[in-house]
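Structure, as structure tokens:
Since every read-out is calculated from the coordinates, none of them should be taken as a lab result. None of these values were measured; they are calculated from a predicted model. Every residue, glycine among them, receives a Cβ derived from its backbone with ideal geometry; neighbour counts consider all protein chains shown.
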Amino acid sequence: MISILIKDSNSLFSHGLQVFLKELFKRDFSQKVSFVVDYTPENIAAADVIVLSLCRGERYTCSPELRSRKKGIIIGLINEEEAVGPSPSCFEDITYINRGSSLSEMAGKIGAVWKKWLASAQFKQCFSCVSCSCRQMSSRQLQIMALYYKGLTVKQIAFKMGLNHKSVSAYKYQVMNKYNLRNDTELLAFLNVLANKNASTMSFRHLLES
């Protein structure tokens, strides 16, 4: 029995993904599957396959809860082209799949990475965030993004922090460029992910709660 953990806020999409994966592993590997949706350290450790829906920019952030992984493969569903450069060490073995891919393309990628896992059965567990390649905001960028997420405009943030509004705009642009975000909608979606990250190392969440 293959245990599959799916983390996706869209219940309809998640259900369709379950049907697709159930058929894939039955057809290509003669394996039955079970699904879990609670994203807990226990379920992460027990999962053979983890599927994460990632918003734009999220692939560059730290996800230390994934250090609980002990086996298997991890799939990242994205709405953009394949990432360039290394992923953070907590999921450096991730396979990215564009949500716009055809079902046959998805099946091919997932099948290939699962076969590779079966052939090696070797898993390199991540125990440390030292020398991780994740991208981080500076303290000033975090302060500005926290205020922006709370609904303040660039001019209001500038007044509150005693900065020139052009400086605030520049910091905002730096963050968007760092995480490959194209507009304010993507920025807010990304900040919402950071605000809900269940990880002790996420300074953005701590800043919002302070």
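Of the residues 161, 120, 104, the one whose Cα sits farthest towards the positive end of the charge dipole of the chain is 161 (charges of +1 on Lys and Arg Cβ, -1 on Asp and Glu Cβ, taken about the Cα centre).
Taking 7 Å along the Cα-to-C-beta vector as the label spot, tell me the residue 10-residue 206 distance in nanometres, rounded to one decimal. Result for the modelled spin labels: 3.4 nm. Applying 1/(1 + (r/R0)^6) with r as the Cβ-Cβ distance of residue 103 and residue 135 and R0 = 25 angstrom yields a FRET efficiency of 0.20. A simple charge model with +1 on the Cβ of Lys and Arg, -1 on the Cβ of Asp and Glu and nothing else charged puts the dipole of the chain at about 380 debye relative to its Cα centre.
Taking a ≥ b ≥ c as the square roots of the eigenvalues of the Cα gyration tensor, region 2-120 is rounded, since a/c falls below 1.5.
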